[in-house]
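A short worksheet on the structure shown next.
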Amino acid sequence: MTGKIAVIIVGCALFATAAQAKDHPGKEEILKDGYQGPKTCEACHPGKAKEFLGTVHWKHASKIDHVDNINPDEEHGMKDRIYTMCNGNDIVNNLKEVPPNALGKTKFTGCNTCHPGDHTSDVGSTGPQAEQAIDCLICHSSKYDFSKRKPVKDKDGKVVMTQDRSTEAAANIGRPTIKNCMVCHEAAGGGAMIKRGFSMTKEAEVHVTKGIICVDCHKVKNHKFPTGRDPNNWAHDGIYMTCTGECHSATPHTDADYNRHTAKIACQTCHIPKTGGAFSKDFTKWEKQSNGFYEPSTLKREVNETAPVYAWYNLTVKNTPQFIGPKGSRSDGKSKIYPFKIFQGKAYFNKKNGQLLSMDFAPPIANGDSLAGVASAAKILGIKDYEPVPGWQTIYFGSNHQVSPKNKALSCANCHALNGVLNFKELGYNSKEVEKLTNPELYFEKLLKLQQENE
Amino acid sequence: MRKIFSIVMIMALMLFTSLAVVKTASAEELKMTGTITKIELAADGKSATAVLKDSKTGASVTITITDDLTLDKFKDKRIVEGDEIRTKYEKSGDVNTSKMFKKTAGC
């Protein structure tokens, strides 16, 4: 059954690749008339620009009903969140030119650098001007010239984001490739592979090895992207995805013992044994770089270098100033054990109300003064009554990518040996149960047989 | 005869030791941050050289890049001249081979 599914998946992927290689209808017209932005796309795809303005990719926000201490009637997300991986958001870190550093150098920076508009029409903007500002090609072109997309000052001194609207880029369009997605998604949080720490390469992710690309799993419908349930990824387009369903069955293993585990263990737990990227940051301490600019001090690891932590997760999220992570328990009947990339960040909290404060990065990038960044952010947000005190926040990121090949997945002893990766006591099992769960009787015969077969 | 044998053995040992030292030195891993002043892609697209101006010393260092991910970033100009790069590279004689080549800027 699993083999049959794999054949179907690979078949679909090959078909998709073939479809991608074929010219997009309308290429002749584009070559003849040139590309005039979204209105060229809308000649064949009417209404798509307006549709896109209603998605998380444009709004960086949505209504959120699975996270504690968030009003479910309001829209929130990257637009206005404050947490310690980024400690800023699109509002306080709106794309801008930072003040000159000690060497007289300046540069552009902002959380909304990846927003697919032109910055004049920015996060959450609406109307005909916003529709025509969409950078369709950054997601759909395989010949996008990224040197043409950069922040510059226009004649009025306003910072705008330029785009590649060349005929060549427009003539080479199709479904988004892995590269189209990773241009933005690999660089979040302060550099390549920092935030989530996964790599979508053939070497690192078994789906890519099989020719499967991001949008084969994140099956887009009307520009709305299904997402997984990362406890730190709040905004969503209203559709979710799981491993099981179209691609994998609920009992995908040939081994009945493994299939029994799927009731309480998420697929990711065994099949994504490693994570990577930054595991700690200190926004109160900025380090001077050789170019004279400052960066928040960050402890980081390479892709696949960090062991995840494991916890029960019922797909709802505990959200306090000190902790963002999974809710759930062994006994609630809804939770499964999932792997998480754990991250701890230090930033300033408001002593007057205990809330985490945000930081405008422009001042500390220029001179390392993190408190000036807090003051600037407070001014932008209209916060007058605050007293910044440093403190730590712990965040659990979902570990949902970088699926390893079958032979590298966790096996019986990886969890059930005494030095296994699961801490059964912390997961809610009593001493007697832990003793049973870590008894070699559970797996010895099975693993011995496997060992004999492989010798 | 025994003396000649001893001399030959000592010389062989010295040669082996010096080669080992050279090999260790040649495999030295270095890191730097610098601005790209020139990128040259090989005609077959399978390698490239980038000249970086070291932000600390101002010296120009030529790095050879062979990993597909970085080469792709040169081809579609996600990395261009003027970008600031953080790199780790292996120095072997006159050739510096990139082990990591990333833009310093995030978002």
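With all protein chains kept in place, the per residue accessible area of the range A:136-207 amounts to 43 square angstrom at a probe of 1.4 angstrom. Taking all protein chains as shown and a probe of 1.4 angstrom, A:Ser431 keeps an accessible surface of around 90 Å².
Using a probe radius of 1.4 angstrom, the carbon and sulfur fraction of the accessible surface of the range A:411-455 is 51%. Give me the net charge of A:Lys32's neighbourhood, meaning all other residues with Cβ under 15 Å from the Cβ of A:Lys32; Lys, Arg count +1, Asp, Glu -1. Result for the neighbourhood of A:Lys32: -4.
Contact residues in the range A:114-152 by the 10 Å² criterion (accessible area, 1.4 Å probe, full protein complex versus chain alone): A:Tyr144, A:Asp145, A:Phe146, A:Ser147. Cα centroids of the range A:357-376 and the range A:17-88: 30 Å apart. The contact residues of the range B:75-101, meaning those that lose at least 50 Å² of 1.4 Å-probe accessible area when all protein chains sit together rather than their chain alone, are B:Asp76, B:Lys77, B:Arg78, B:Arg86. Other residues whose C-beta falls under 13 angstrom from the C-beta of A:Ala250 contribute a net charge of +2, scoring Lys and Arg +1 and Asp and Glu -1.
Sort A:Met78, A:Met193, A:Met241 from largest to smallest accessible area, using a 1.4 Å probe on the heavy atoms of the protein chains.
Details: A:Met78 90, A:Met193 30, A:Met241 50 Å².
Most to least solvent-accessible, the answer reads A:Met78, A:Met241, A:Met193.
Partner aspartates and glutamates whose Cα lies under 15 Å from the Cα of A:Lys341, excluding those fewer than 8 positions away in the same chain, are identified as A:Asp230, A:Glu302, A:Glu305.
Take every Cα pair under 8 Å in the range B:29-103 that's 6+ residues apart, average their separations, divide by the length, and report that relative contact order as a whole percent.
Details: 157 pairs, mean separation 25.1, N = 75.
Computed value for the range B:29-103: 34 percent relative contact order.
For the protein assembly as shown, a crude dipole built from +1 on the beta carbon of Lys and Arg and -1 on the beta carbon of Asp and Glu, taken about the Cα centre, is about 780 debye to the nearest 20. Using θ = phi - 60° in the Karplus curve 6.51 cos²θ - 1.76 cosθ + 1.60, the 3J(HN,Hα) couplings for the range A:311-318 round to 8, 6, 9, 9, 6, 10, 10, 7 Hz; x is entered for Gly and Pro. Judged by the gyration tensor of its Cα atoms, with axes a ≥ b ≥ c, chain A is oblate; a/c meets the 1.5 cut and b/c is at least as large as a/b.
I need the calculated FRET efficiency for the pair A:Ala307 and A:Thr126, taking r as the beta carbon distance and R₀ as 56 Å, to the nearest 0.05.
It comes to 0.80.
Shown is the FRET efficiency for A:Trp392 and A:Leu315, computed with R0 = 35 Å from the Cβ-Cβ distance and rounded to the nearest 0.05: 0.85.
Taking amide H as placed 1.01 Å from N in the peptide plane, A:Phe323 has its amide H under 5 Å from the amide H of A:Thr394, each at least 5 places away in sequence or on another chain. In percent, rounded to a whole number, the relative contact order of chain A is 16, using alpha-carbon pairs under 8 Å and six or more apart. The modelled label-to-label distance between A:Lys408 and A:Leu427, using points 7 Å beyond Cα along the C-beta direction, is 2.2 nm.
From the protein chains alone at 1.4 Å, what is the descending order of accessible area for A:Asp23, B:Asp54, largest first?
Reading off the accessible areas and sorting them downward yields A:Asp23, B:Asp54.
Here the extension length gained between A:Ala256 and A:Lys351 equals 28.8 nm, from 0.36 nm per residue of separation less the Cα-Cα distance. The sum of -39500 (n - 2.57) across all DSSP H runs of n ≥ 4, divided by the residue count of chain A, sets its helix-only mean residue ellipticity at 222 nm to -6500 deg cm²/dmol.
Placing unit charges on the Cβ atoms of the charged side chains and taking the dipole of the range A:411-455 about its Cα centre, the candidate lying farthest along the positive direction among A:Gly428, A:Asn414, A:Leu450 is A:Gly428.
Count Lys and Arg as plus one, Asp and Glu as minus one, and take only other residues whose Cβ is under 13 Å from that of A:Lys288; the net charge is then 0. Applied to the range A:37-48, the Karplus parametrisation 6.51 cos²θ - 1.76 cosθ + 1.60 on θ = phi - 60° returns per-residue 3J(HN,Hα) values of x, x, 5, 5, 5, 5, 4, 9, 10, x, x, 6 Hz, with x for Gly and Pro. Taking label positions 7 Å along the Cα-Cβ direction at both A:Glu455 and A:Lys32, the computed distance is 7.3 nm, reported to one decimal.
Applying both filters, DSSP loop and at most 11 other Cβ atoms within 10 Å, to the trypsin sites (Lys or Arg not before Pro) of the range B:27-100 gives B:Lys46, B:Lys56. Less than 5 angstrom separates the built amide H of A:Lys300 from those of A:Phe279, all sequence-distant by 5 or more or on a different chain. Once a ≥ b ≥ c are taken as the square roots of the eigenvalues of the Cα gyration tensor of the range A:52-122, is the result rounded (a/c under 1.5), prolate (a/b larger than b/c) or oblate (a/b not larger than b/c)? Cα axes put the range A:52-122 in the oblate bin.
Between B:Asp44 and A:Lys221, the simple spin-label model (points 7 angstrom out along Cα→Cβ) gives 4.8 nm.
Please report, in debye to the nearest 20, how large the charge dipole of the range B:29-103 is about its Cα centre when each Lys and Arg carries +1 at its beta carbon and each Asp and Glu carries -1 there.
On the way: 15 positive and 13 negative charges, 59 e Å.
Roughly 280 debye, rounded to the nearest 20.
The residue among B:Thr33, B:Tyr89, B:Leu52 whose Cα reaches farthest toward the positive pole of the charge dipole of the range B:29-103, with charges on the beta-carbon of Lys, Arg, Asp and Glu, is B:Thr33.
The values are calculated or read from the model by the stated rules, or taken from the named source; none is laboratory data. Note that this is a predicted model, so its numbers are computed, not measured. Cβ coordinates were reconstructed from backbone atoms using ideal geometry, including for glycine residues, and neighbour counts include every protein chain displayed. Each accessible area value is taken on the protein alone, full model and side chains, heavy atoms only, with ligands, DNA and RNA left out. Shrake-Rupley method; radii C 1.70, N 1.55, O 1.52, S 1.80 Å.
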